[in-house]
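Written out below as structure tokens is the structure these notes cover.
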There are 2 protein chains.
Amino acid sequence: MKIEDYLGRKAARVEKEMDRLLPKLKAYPSIIHQAMRYSVFGDGKRIRPVLVLAAAEACGAPDRRALAAACSIEFIHTYSLIHDDLPCLDNDNLRRGRPTLHKKFDEAQALLAGDALLTFAFEVLAGYRDPRMAARLVTEISRAAGTYGMIGGQVVDKLSESQPVNLPVLDYINVNKTGKLIRVSCLAGAICAVAPVRSQRALATYGEYLGLAFQIVDDIMDGNGYMQFMSESQARTKAVELTEKAKQALVPFGRRAEILRRLADAILARKK
Amino acid sequence: MKIEDYLGRKAARVEKEMDRLLPKLKAYPSIIHQAMRYSVFGDGKRIRPVLVLAAAEACGAPDRRALAAACSIEFIHTYSLIHDDLPCLDNDNLRRGRPTLHKKFDEAQALLAGDALLTFAFEVLAGYRDPRMAARLVTEISRAAGTYGMIGGQVVDKLSESQPVNLPVLDYINVNKTGKLIRVSCLAGAICAVAPVRSQRALATYGEYLGLAFQIVDDIMDGNGYMQFMSESQARTKAVELTEKAKQALVPFGRRAEILRRLADAILARKK
């Protein structure tokens with residue numbers, strides 16, 4: 001099977017489940033549910049939720065055990081994009097070829113739809129039948145999304161607009177703004193699979209390196225971030241090295257991690 | 001003991017615990033932790049967290065069991081005020097005599113500090129040692145704060161600026177925007193106390209009526225909301241009736257609910 005087919009098939013599965021979980025379009029007050037769905041069902045690549053499913057699979061768990069965590073992380077990713085697009089942050093009018101949420105609706109509804117997706121993500125996680133799993137997922141995912149994670153990265157990214165950035169600061173932004181949510185996606189898959197601690201750690205390490213490689217490939221495509229500090233070929237070399245380190249963490253899984261290896265290669269090779 | 005002294009003593013306990021839980025002021029990135037603390041440590045009355053503690057007490061549990069839930073709900077209340085104050089919603093410059101967060105810092109930091117407090121609230125809840133309690137609290141509190149609760153009320157409140165409101169819509173706004181978080185405060189206290197289901201239900205009912213009475217008293221003081229539909233004496237009568245219904249729900253608790261009865265009276269009698 002081609003890895004693109006795997007990605008497409010799992011993304012479709014995640015989308016179907018997100019549709020099932022989210023409040024219906026017409027549920028009162030309809031406008032907020034329309035707004036949430038408009039942003040969730042944009043043309044996303046679903047990399048984070050697919051990583052959740054693939055990590056669970058590497059630990060021997062079927063998709064259905066990891067689906068709720070996968071959707072929850074995609075809701076958090078979507079909320080972060082909605083808030084990032086707002087005028088006080090990136091002030092973007094377009095996202096993936098469509099108007100951003102505050103352009104399609106208005107700023108107030110975009111603010112609230114982001115808040116609602118974040119809140120709903122935790123409601124979904126708390127719905128895991130095993131309360132131990134639910135609590136652990138809420139702990140790990142809230143940390144990854146908080147001020148020592150995604151929000152912290154966003155804060156420093158915003159500050160860096162008004163002052164020069166050096167490489168350590170850029171590393172901090174990337175590790176936190178993008179990296180922590182990708183890392184916790186892989187860890188969440190292992191948690192859903194009730195994998196032993198050493199497998200959880202190995203998948204978190206895989207996700208950590210993968211997240212950094214992902215960001216560098218992004219920067220190469222956009223000419224941003226790391227491209228201020230290195231040439232394209234240096235950046236490419238760094239991304240290859242990080243991808244290798246990510247794969248190194250998968251050694252104990254043997255053939256069971258084949259999909260994760262190929263996902264890492266696909267992320268390295270991806271184009272706009 | 002005077003009820004004001006009780007409120008003051010418990011509020012101090014909650015503030016001390018919030019200070020202990022929140023990231024330190026200088027923790028990197030410092031600006032977001034400064035922003036979170038600026039808003040949390042405003043001159044709040046701490047009604048919600050005190051209700052959590054008092055409800056737990058009525059079920060025989062000591063403060064320390066309910067403190068984390070109490071702080072978590074106050075973090076969510078604070079986040080909702082920060083986001084409500086933003087220019088795209090109420091555009092307020094002052095809150096309790098101090099500059100609102102986006103005036104003190106800027107809009108971007110206010111947006112992110114609100115996001116961070118919401119995220120952190122769930123991290124705190126997930127930290128309960130009993131995972132069953134943690135998961136239940138996350139479920140109940142996320143629902144109360146979501147689109148079928150506080151956010152839903154805020155959405156309809158915002159829509160009502162541009163179209164005339166009738167009494168059922170105003171009721172919806174109040175039940176959801178203010179009422180659901182007050183209701184879940186009382187329920188959370190019962191959950192932390194591992195109270196039987198019928199006690200949980202009774203305290204949720206108490207909180208439901210109390211939340212509505214609270215909002216009407218607010219409207220009487222501000223001349224807003226319900227005052228469009230009734231005279232001050234009609235509104236006062238309605239608040240008294242709701243307070244009586246709230247107390248009715250406490251009958252099974254006998255003397256153990258004395259504090260909750262007096263809190264209801266204090267809320268009814270409160271002045272600006």
*With the contact rule set at Cα under 8 Å and sequence spacing of 6 or more, what percent relative contact order holds for segment A:141-226?*
29
*Assigned charges on the beta-carbon of Lys, Arg, Asp, Glu; segment B:166-229 dipole about Cα centre (debye)*: 380
*Among rounded, prolate and oblate, which fits chain B when a ≥ b ≥ c are the square roots of the eigenvalues of its C-alpha gyration tensor, a/c under 1.5 means rounded, and a/b larger than b/c means prolate?*
oblate
*How high is the relative contact order of segment B:42-94, in percent, counting Cα pairs under 8 Å that sit 6 or more residues apart?*
28
*Convert each backbone phi in segment A:97-104 into a coupling constant with the Karplus relation 6.51 cos²θ - 1.76 cosθ + 1.60 (shift: θ = phi - 60°), then list the ³J(HN,Hα) values in order as whole Hz, x for Gly and Pro.*
x, 10, x, 5, 4, 6, 7, 5
*Would you list the P(r) distribution for the protein assembly as shown, with all Cα-Cα distances sorted into 10 Å bins from 0 and each bin expressed as a whole %?*
4, 18, 28, 26, 15, 7, 2, 0
*trypsin sites (Lys or Arg not before Pro) within segment B:33-112: which are DSSP loop residues with at most 13 other Cβ atoms inside 10 Å?*
B:K45, B:R96
*asked:* Averaged across A:126-135, how many Cβ atoms of other chains sit within 10 Å of each residue's Cβ atom?
replied: 6
*In segment B:106-187, the trypsin sites (Lys or Arg not before Pro) that fall in loop regions by DSSP, at most 10 other Cβ within 10 Å*: B:R129
*Have a look at A:L112, A:V155, A:I259 and report the one farthest towards the positive end of the charge dipole of chain A, computed about the Cα centre with Cβ charges (Lys/Arg +1, Asp/Glu -1).*
A:I259
_Let me check against my output: what whole-number percent is the relative contact order of chain B, with C-alpha pairs under 8 Å and at least 6 apart?_
19
*GNM, chain B, Cα, under 10 Å: largest mean-square fluctuation among B:A126, B:A61, B:A108?*
B:A108
_Counting other beta carbons within 10 Å of each residue's own, what order do B:T237, A:T119 fall into, fewest first?_
B:T237, A:T119
*Which entries in A:K10/A:K245; A:K45/A:K247; A:K24/B:K245; A:K104/B:K177; B:K24/B:K245 show an alpha-carbon gap greater than 31 Å?*
A:K24/B:K245; B:K24/B:K245
_Selected from B:V197, B:V52, B:V217 as most flexible by GNM, with chain B as the system and alpha-carbon contacts under 10 Å_ = B:V197
_Using a 7 Å Cα-to-Cβ projection, A:G60 label spacings across copies, nm, ascending_ = 4.4
_For residues of A:246-257, the mean tally of beta carbons on other chains within 10 Å_ = 0
*What nm distances, shortest first, do you get from the label point of B:L167 to those in the other copies when the point sits 7 angstrom along Cα to Cβ?*
7.1
_Through the Karplus equation 6.51 cos²θ - 1.76 cosθ + 1.60, θ set to phi - 60°, convert the phi angles of segment A:24-36 into ³J(HN,Hα) values in whole Hz; use x for Gly and Pro._
4, 3, 8, 4, 6, x, 4, 4, 6, 6, 4, 5, 4
*Output, in nm with one decimal and in ascending order, the distances from the B:D92 label point to the matching label points of the other copies (7 Å from Cα along Cα-to-Cβ).*
3.2
*Can you put A:D106, A:D90 in order, fewest other beta carbons within 10 Å first?*
A:D106, A:D90
*Across the residues of B:158-168, average count of Cβ atoms on other protein chains within 10 Å?*
1
*How many angstrom lie between the C-alpha centres of segment B:207-248 and segment B:1-72?*
26
*So for B:S199, A:S233, A:S142, fewest C-beta neighbours within 10 Å to most, what's the order?*
A:S233, B:S199, A:S142
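Where a number appears in this text, it was derived from the coordinates with a stated rule and is not lab data. Note that the structure is predicted; figures quoted are calculated from it, not measured. Methodologically, a virtual Cβ is constructed for each residue, glycine included, from the backbone with ideal geometry; neighbour enumeration extends over all protein chains shown.
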